[in-house]
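Report on the structure given below.
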Amino acid sequence: MEYRRLGSSGLKVSALSFGAWVTFGDQIGEDVAQEMMQAAIDAGVNFFDNAEVYAGGKAETVMGNVVKKAGWKRSDLVFSTKIFWGGDGPNNSGLSRKHIIEGVDAALERLQMDYIDLVFAHRADMHTPVEETVRAFNHVIDQGKAFYWGTSEWSAVQIMEAHAVARDLGLIPPTMEQPQYHMFHRERVEAEYARLYQEAGMGTTIWSPLASGLLTGKYNAGMPEGTRANLAGYEWLKKRFTDETAIENITKVGKLLPIAEEIGCTMAQLALAWTLKNPNVSTTMTGASRVEQVVENMKAIEYVEKLTPDVMEAIETILDNKPAQETDWR
């Protein structure tokens, strides 16, 4: 396993990490969750992601029970949660000082931990002043309940605004962003955030590197049974596999398969390795519903070096979607 610094911070996270979205608390129980987390740890993973909204908080409960039962050394591992959607009450969502502080306390209780390493603002909150949000996350850090804070799916403008506010107040700015990033979703990470990596020292913990399974190749023959798109509450995912764009992308996956075969990996491993070729990706978060998927995904690290400039060019030719970069007018 390779370990990368999370932006300009001193924290190192495994290049491949493991997240609880969809599966923990919905698809799998604690025994399978422990087997999957153990397989990830055996492969060198030290970073595990969660959120207060996942399975209505049950994902954090499952992960907390697993960690306690397994007896892993807490300081060897890095855990994150995300705060925004905590319930139906008027103050149970958003990024108010009240919800951030109470949301973190509730997450720690479910996780059965004294502190969380990383806490993310799960989305931007247009109803709360940025200063209030910045101060609240700094309060959480000052209380020793988190070490770092960041954002998830914030625009570059919103992130820089938070940095400016933190700088003016002499407080800690967000140090990482959690954006969606995969072969078919590139604009934000490769273009919009381009200046933030240097100017703001931003690290990234990317999610959905397999495009919700599209990049595994399993949808090339139609909609298989037992996928997350068929889960109650995730019907919105079906469009990603059936609309015109999805059909075009599935065709591209078919053209990418021979490249994966040529370098000796699966399509999923190729897609994961491709994200890690981006030096601005601190960690690629993976998910799974079976232990075998965890084992396969973690082997993707072995194929990063096989993505030579020629291979990357061949992939780029098939994708044909590289974001335009800012024009240098000098």
Please get the size of the charge dipole for segment 38-137, origin at its Cα centre, with Cβ charges of +1 on Lys and Arg and -1 on Asp and Glu, quoted in debye to the nearest 20. 180 debye
Given 20 °C and 1.002 mPa s, compute D for segment 83-143 with the Stokes-Einstein relation, Rh being the Kirkwood radius over Cα pairs; round to the nearest whole µm²/s. 184 µm²/s
Qualifying GluC sites (Glu not before Pro) in segment 32-131, DSSP loop, other Cβ atoms within 10 Å at most 10: none
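Summarise the long-distance tail of P(r) for the chain by giving the % of C-alpha pairs beyond 34 Å. Before the final figure, lay out each step's value.
Values: 11712 of 54285 pairs.
Tail fraction, whole percent: 22.
Thinking of segment 84-227 as a set of Cα atoms, what percent of all their pairs are more than 22 Å apart? Kindly include the intermediate steps, with their values, before the conclusion.
Numbers: 4711 of 10296 pairs.
Summing the P(r) of segment 84-227 above 22 Å gives 46 percent of all pairs.
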Assign unit charges at the C-beta atoms only (+1 for Lys and Arg, -1 for Asp and Glu), then state the dipole size of the chain relative to its Cα centre in Debye, rounded to the nearest 20. 300 debye
Pairs of Cα atoms under 8 Å, at least six residues apart: use those to get the relative contact order of the chain, whole percent. 19 percent
Mind checking which of Ala268, Tyr193, Ala55 is farthest towards the positive end of the chain's charge dipole, using Cβ charges of +1 (Lys, Arg) and -1 (Asp, Glu) about the Cα centre? Ala55
Using the crude model of +1 on Lys and Arg Cβ and -1 on Asp and Glu Cβ, and no other charge, please compute the dipole size for segment 1-40 relative to its Cα centre, in debye to 20. 420 debye
Radius of gyration and Dmax for segment 35-146's Cα atoms, expressed in Å? 14.3, 43
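Given the DSSP H assignment, sum -39500 (n - 2.57) over each helix run of at least 4 residues in the chain and divide by its residue total; what's the result at 222 nm in deg cm²/dmol, nearest 500?
Values: 11 runs with 125 residues, N = 330.
Only helices count here, giving -11500 deg cm²/dmol.
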Fewest-first ranking of Met36, Met63, using other Cβ atoms within 10 Å as the exposure measure: Met36, Met63
Compare the peptides 69-79, 284-294 by average per-residue count of other Cβ atoms within 10 angstrom and give them in order, highest first. 284-294, 69-79
Extension gain from Asn220 to Glu326, taking 0.36 nm per residue of separation minus the Cα-Cα distance: 34.7 nm
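Between the DSSP loop rule and a limit of at most 10 other Cβ atoms within 10 Å, which chymotrypsin sites (Phe, Trp or Tyr not before Pro) in segment 239-329 are left?
Working: sites: Phe241, Trp274, Tyr303, Trp329; in loops: Trp329.
Loop-located and lightly packed - Trp329.
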Greater than 22 Å separation of Cα atoms is the criterion. Which listed pairs, Lys73/Lys98; Lys58/Lys145; Lys277/Lys322; Lys12/Lys73; Lys73/Lys145, meet it? Lys73/Lys98
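Quick one: compute the contact order of segment 44-89, relative version, from alpha carbon pairs under 8 angstrom and 6+ residues apart, as a percent. The partial results should precede the final answer.
Values: 43 pairs, mean separation 26.7, N = 46.
Relative CO of segment 44-89 lands at 58 percent.
With both bridge residues required to lie in the chain, what share of the DSSP beta bridges run antiparallel, to the nearest 5%?
Details: 5 of 29 bridges.
If I count the DSSP bridges inside the chain, around 15 percent turn out antiparallel.
Of the peptides 144-156, 171-183, how do they stack up when ordered by the mean number of other Cβ atoms within 10 Å, highest first?
Numbers: 144-156: 20.4, 171-183: 22.1.
Output ranking for 144-156, 171-183: 171-183, 144-156.
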Which of Ile315, Ala15, Ile247 sits farthest toward the positive end of the charge dipole of the chain, with +1 on the Cβ of Lys and Arg and -1 on the Cβ of Asp and Glu? Ala15
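No lab work stands behind these numbers, since they all come straight from the coordinates. The structure presented is a predicted model; accordingly, all values stated were derived computationally and were not measured. Cβ atoms come from the backbone with ideal geometry, glycine included; neighbour counts cover every protein chain shown.
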